[in-house]
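To keep things clear, I will list the structure first and then write my remarks on it.
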Amino acid sequence: MKGGTVFLIDQTVLPFKFSIVRSKSHFETCTAIKNMTVRGAGAIGGAAAYAMAQAFLEAPEKGFWKYVDAAKARIAATRPTAQNLFFAIDRTYQAAKASKFPREAAVREAERLADRDSEACKKIGEYGSRLIKSGFNISTHCNAGWLAFVDYGSALAPIYRAKKQKKKIFVYVDETRPRGQGAKLTAWELKNEKVPFAIVPDAAGAHFMSRGLIDIVIVGADRIAVNGDTANKIGTLEKAIAAKRYGVPFYIAAPTSTFDLKCSSGRYIPIEERSQDEVLFQEGLTEKGKIEKILIAPKGSRAFNPSFDVTPAELITGIITERGIVKPSKAAILKALKV
Ligand code: MRU
């Protein structure tokens, strides 16, 4: 953020175009979160903190708190699943509320949270890379790389670290239908980082595992309940079930801002339902180099589009956090979070 403007990488046009969106008010930042210009739990959290700071900067002297409170509710209503969003809104709001200079305090806290996110992801890379041996084939789902956070990423941070350590690695990237975060964003990141990879159909995970081709699965998280149940992009659950069946270690990578201590189990994690158009239409580059949207189903078809699923703790080998690798159990989680 510079002044009252937030600068966001437009993730809706990647990998075909790199452009920066300038968001001049908290209203515009809310729209950017909603339409997924900015997406991924950590990046949503960063954007939400800045949106909150923008609201403090915009608020008129008269009716200051009324304006700010309405903005807070508006930001919280953008997307329901990623805990990082609620964590960031709350921290920024509370920091401002506790200060004599709420505007300055809100901006400072948003900056601090962004730095904290980046630092946490760097540490996740350090802890997670210890699980990766040279020669490993790694499977990942969706995009939990540096686009999905302020920097480094969660699930991809250990991969980047392992690459820096000169380990020989290969990544199986799930396409991640319907929006294609794997094929579009993870593939683009890995290409930029010069990590060898192949994009695979979402449904191919069990096949590769059954042939012994995957050594470890590392995915991100949008919300983790106190008992270790974890919400992540739709399709994660199937991957975890297959990993259990074929004895492949299945890890979640997430900063502690993704844990929801008010949520006792995955059953209570709100699952976002997105537009059926995301399933019925696909967007890509034409031969003429234009980004276009095409219908891929019979006209008038219905589609269901739950955006996340919940993987039960029993299918998770461990959770890679900035505080180390945590067992997916209530006792271990509370201990790691020092509650
Ligand atoms: O709907 P999105 O693209 O915002 O999805 C969130 C995610 O990026 C994933 O579920 C990811 O694996 C965890 S968050 C980095």
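For the stretch 178-229, residues that are among the small types (G, A, S), over 20 Å from the mean Cα position of the chain (by Cα) and on the phi < 0 side of the Ramachandran plot total 6.
Got a number for residues in the stretch 61-84 being touching a strand residue (DSSP E or B) at 6+ places or on another chain (Cβ under 7 Å) and of a type outside the set (S, T, Y)? So the count comes out to 2. Taking the stretch 30-83 as the range and being among the hydroxyl-bearing types (S, T, Y) and either buried (at least 24 other Cβ atoms within 10 Å of the Cβ) or over 17 Å from A105 (Cβ atoms) (or both) as the test, the residues that pass are T31, T37, Y50, T78, T81. Exactly one residue out of E104, E126 is farther than 30 Å from A55 by Cβ, of a type in the set (D, E, K, R) and surrounded by fewer than 24 Cβ atoms within 10 Å (Cβ to Cβ): that is E126. Among the residues of the stretch 302-324, is any polar (S, T, N, Q), within 16 Å of the ligand (Cβ to nearest atom) and not in a strand (DSSP E or B)? The answer is yes; a qualifying residue exists. Applying the condition of being closer than 19 Å to A240 by Cα and buried (at least 23 other Cβ atoms within 10 Å of the Cβ) to the stretch 172-183 and asking which residue is farthest from the ligand (Cβ to nearest atom) yields V173.
When the stretch 219-257 is filtered for residues that are of a type in the set (A, V, I, L, M, F, W, C), closer than 21 Å to E119 by Cβ and either surrounded by fewer than 23 Cβ atoms within 10 Å (Cβ to Cβ) or within 10 Å of the ligand (Cβ to nearest atom) (or both), the ones remaining, listed by number, are A221, I252, A253, A254.
Looking at A88, A148, just one residue is in a loop (DSSP other than H, G, I, E, B) and within 16 Å of the ligand (Cβ to nearest atom), and that residue is A148.
Being surrounded by fewer than 24 Cβ atoms within 10 Å (Cβ to Cβ), hydroxyl-bearing (S, T, Y) and within 16 Å of the ligand (Cβ to nearest atom) is not true of T140.
Name the pairs: first residue in the stretch 299-313 and under 15 Å from Y268 (Cβ atoms), second residue away from the ligand (no atom under 16 Å from the Cβ) and among the polar types (S, T, N, Q), Cβ to Cβ under 6 Å, at least 6 apart or on different chains? Taking only residues 6 or more apart or on different chains, the pairs are A313/N227. When F87, F18, F64 are screened for being in contact (Cβ under 8 Å) with a residue 40 or more places away in the chain and out of contact with any Cys (no Cβ under 7 Å at 6 or more places or on another chain), only F87 passes. Is it the case that A157 is at pLDDT 95 or above and in contact with a Gly (Cβ under 7 Å, 6 or more places away or on another chain)? Against the criterion (at pLDDT 95 or above and in contact with a Gly (Cβ under 7 Å, 6 or more places away or on another chain)), A157 qualifies.
The strands (runs of 3 or more DSSP E) found entirely in the stretch 183-288 that carry 1 or more residues being free of Cβ contacts under 8 Å to residues at least 40 places away in the same chain are 197-200, 281-285.
The values are calculated or read from the model by the stated rules, or taken from the named source; none is laboratory data. Owing to the predicted nature of the structure, the values given are computational and were not obtained by experimental measurement. Glycine gets a Cβ as well: all are built from the backbone with ideal geometry, and neighbour counts include every protein chain shown.
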